[in-house]
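Working notes, structure below.
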Amino acid sequence: MGARSVQPRVPPRTGRLSARRPRAGALALALALALVGGPACDDPPDRGSSRSRADLAELVARPTASPGLSPAPGSASLGSAGVPTAIAPPGRTRPGSPRPELPLPPPRADALELTFVGDVILGRYRDDGFDPIPEGEHELFGEVGALMGSDLVVGNLETPLVHVLPATSPVGTRYSFGADAELARHLAYAGFDVLSLANNHAYDLRGEGVQQTPEILEQLGITAVGAPRAEGPRFVVQTVEREGWRVGFLAFTTHANIPELPGVPPLPLLEVTEIEARLVPLVEQARATHDLVVVLAHWGEEYADTPQWEQRAAAHALVDAGADLVIGHHPHVLQGIERHGRGLVAYSLGNFVFENVKDVPRLSGVLRVRYDDAGCLQDARVHPVFIKSIPIKHPAPATGYMGGQVKERLRSGSQEFGARFEDEGDDLRLLGPGCPSEATPAPRAASAAP
């Protein structure tokens, strides 16, 4: 795969890859549109709706914030006869008009399902220019769409984004990653909801990448967590609401390729030995106001088969403080999974999209977990995946011999942690889900809908 002077095209799509349950937010959005005179439609533009290539092209072409539902103050909307009608001041209605009923918040679903993948790298710089991974009309996530569909799809985006890529790398590191807004549309087609930006490649496109990456993701309907922050604390718990559940995400990295840049917000960076002191209080606070707490950790040693003991100690401290999930990445290889108390720790999910297709780095997995109404882990399974080389490097389901390789690596890596799996078709299902007998179910968040 050589460097290209012309940016690759994204295949035309009529919808998202992963089939999902309709979300209650779609109904609320449709009602809100109706209240402000917006167009009525059968499929409102919700995060669970289909998106055409034209829709996404219009979104990423705008570097500004997404448009609101209501007209700007002082503007006018068209009445039933196509005549502009005055917009009432906020909180007031025109005399004689019925008072609109505001949409109710969605009820809390009886269960919530989340899907996690590892490192996603869309392209890198070489000596002769930029080399994208998605090329031509090939769909990057086409073969794994059925494995990713759930209420929340989460990954680690180790690729800073800009609207227009520079011709050469703006940093002097050996490995420099990046992608433009055109390539980023693959992420929306795949159905990603949340992507962590807390990793050692966040500065690869310097300040432009730091600023534009979360903007581009927001325009694609994807929530960025762990982005460098210009103001406030480095480490924050960000709330994502889905199906009436409040899920808190805390993302950090223990690695940085480039020192802090003048005028560029700092990374959420710390040493492994600092995790307990600096992050445990945040997890404890988030536990009281969220249904689930997820920690996304960019840590460990590259290509190491097992995590360091400091990582295990930190993971246990985070779970003891109230984290339901600790999901790791950075080693570029699949590592073991551990059940600790009420929590689940995946130390490294390996590569999901990457150029390295050697025997071990190409092995990966999609982790799918399901929580019941009491907040107990109802089901946890891994869909084996490997990085396929033809026609482009892309994730594909691992079955047969390749599936056996993924399963054997996951079993052997998890054995020392006491985690046991059973085969269920092509998947590996974790044995012993649910709330441990010695633990009591975590209380619901006070703000959760009944």
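Since every read-out is calculated from the coordinates, none of them should be taken as a lab result. Please read these numbers as outputs of a predicted model, since none were measured by experiment. Positions of Cβ are backbone-derived with ideal geometry, glycine not excepted, and every protein chain shown enters the neighbour counts.
Some points to look at:
- Cα gyration tensor shape for segment 196-241, rounded if a/c is under 1.5, else prolate or oblate: oblate
- The stretch between residue 127 and residue 111 holds 0.8 nm of extra length on full extension. This uses 0.36 nm per residue minus the Cα-Cα distance.
- Charge dipole of segment 113-430 (Cα centre as origin; +1 on each Lys and Arg Cβ, -1 on each Asp and Glu Cβ, all else neutral): 340 debye, rounded to the nearest 20.
- Length gained when the stretch residue 423-residue 308 is fully extended (0.36 nm per residue, less Cα-Cα span): 38.6 nm
- Two-site label geometry, residue 301 and residue 390: point separation in nm, points 7 Å out along Cα→Cβ: 3.7 nm
- Zone of residue 372's modelled label, taken as backbone nitrogen in segment 113-136 under 19 Å from a point 7 Å along Cα→Cβ: 113-114
- Cut-off 11 Å between beta-carbons: net charge of the residues surrounding residue 280, Lys and Arg +1, Asp and Glu -1: -2
- Theoretical FRET efficiency, 1/(1+(r/R0)^6), r = Cβ-Cβ of residue 359 and residue 271, R0 41 Å, to 0.05: 0.80
- As a length-normalised measure over Cα pairs under 8 Å and 6 or more apart, the relative contact order of segment 314-399 settles at 21 percent.
- Fewest-first ranking of 258, 275, using other Cβ atoms within 10 Å as the exposure measure: 258, 275
- Net charge of Cβ neighbours under 12 Å - reference residue 271; Lys, Arg +1; Asp, Glu -1: -2
- Segment 162-204: relative contact order as a whole-number percent, Cα under 8 Å and 6+ apart: 49 percent
- Gyration tensor verdict on segment 291-334 (Cα atoms; rounded if a/c is under 1.5, prolate if a/b is larger than b/c, oblate otherwise): oblate
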